[in-house]
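Notes for the one structure printed next.
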Amino acid sequence: MRRHKATATTVGGLMVASILLAIGAYVSKSFLRQQNNPPLDIGLRITILIFGLGSIALRRTRFATMRLQDIGALGGASALLRTLEKTTIQVALIGAAISAIGFIATLLTGNDFYTYGASLVAVFVMLYCFPTLSSWRLTLQQFAQAPAEPAPTREGQ
């Protein structure tokens, strides 16, 4: 299960990066000038909410039972693994984007709460999508089938 290990390492690395951004905001707090910006505050909160809920909706949609059954029936185990990997990394990247948006807002306004809140949401999203080996194995056992071979054609009839 090389794909699982690579995916888990990627998600873990993005989680560590989000935490490091929060630490960076804490360290740089004394160097930043506090500026109040209400439109940015509202826009940032809405963006983080949409990205957070959107990442959950994306994962639930991509891992829907009927969709996984179709992928397993048509492409077999390799297509199923590819789907699990791709979706997990996409959701983790959305989480990393949430954290980066919060850090950028902190740099613009000097308010370190933006990074803390965004990093908290980002880590939650990444924990939600973190791939466990047992869940991937269960998904493979449940949905992976050998791809159907095309029916032989009779030539000359």
>> Take residue 35 and tell me if it is surrounded by fewer than 18 Cβ atoms within 10 Å (Cβ to Cβ), assigned to a helix (DSSP H, G or I), modelled with pLDDT under 95 and over 14 Å from the mean Cα position of the chain (by Cα).
In response: no
>> Given the criteria surrounded by 19 or more Cβ atoms within 10 Å (Cβ to Cβ) and over 14 Å from residue 13 (Cα atoms), does residue 92 qualify?
In response: no
>> So if I check each of 75, 102, 24, which one is under 20 Å from the mean Cα position of the chain (by Cα) and assigned to a helix (DSSP H, G or I)?
In response: 102
> Taking the stated definitions as given, is residue 45 surrounded by 11 or more Cβ atoms within 10 Å (Cβ to Cβ) and within 30 Å of residue 80 (Cα to Cα)?
Replying inline: no
>> For residue 66, only one of the following conditions fails: (1) among the hydrophobic types (A, V, I, L, M, F, W, C); (2) touching a helix residue (DSSP H, G or I) at 6+ places or on another chain (Cβ under 7 Å); (3) modelled with pLDDT of 90 or more. What is its number?
In response: (2)
>> Suppose the filter is charged (D, E, K, R) and either farther than 17 Å from residue 113 by Cα or not in a helix (DSSP H, G or I) (or both); does residue 60 pass it?
In response: yes
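The values are calculated or read from the model by the stated rules, or taken from the named source; none is laboratory data. No experiment lies behind these values; they were computed from the predicted model shown. Note: ideal-geometry Cβ built from the backbone for every residue, glycine included; neighbour counts use all protein chains shown.
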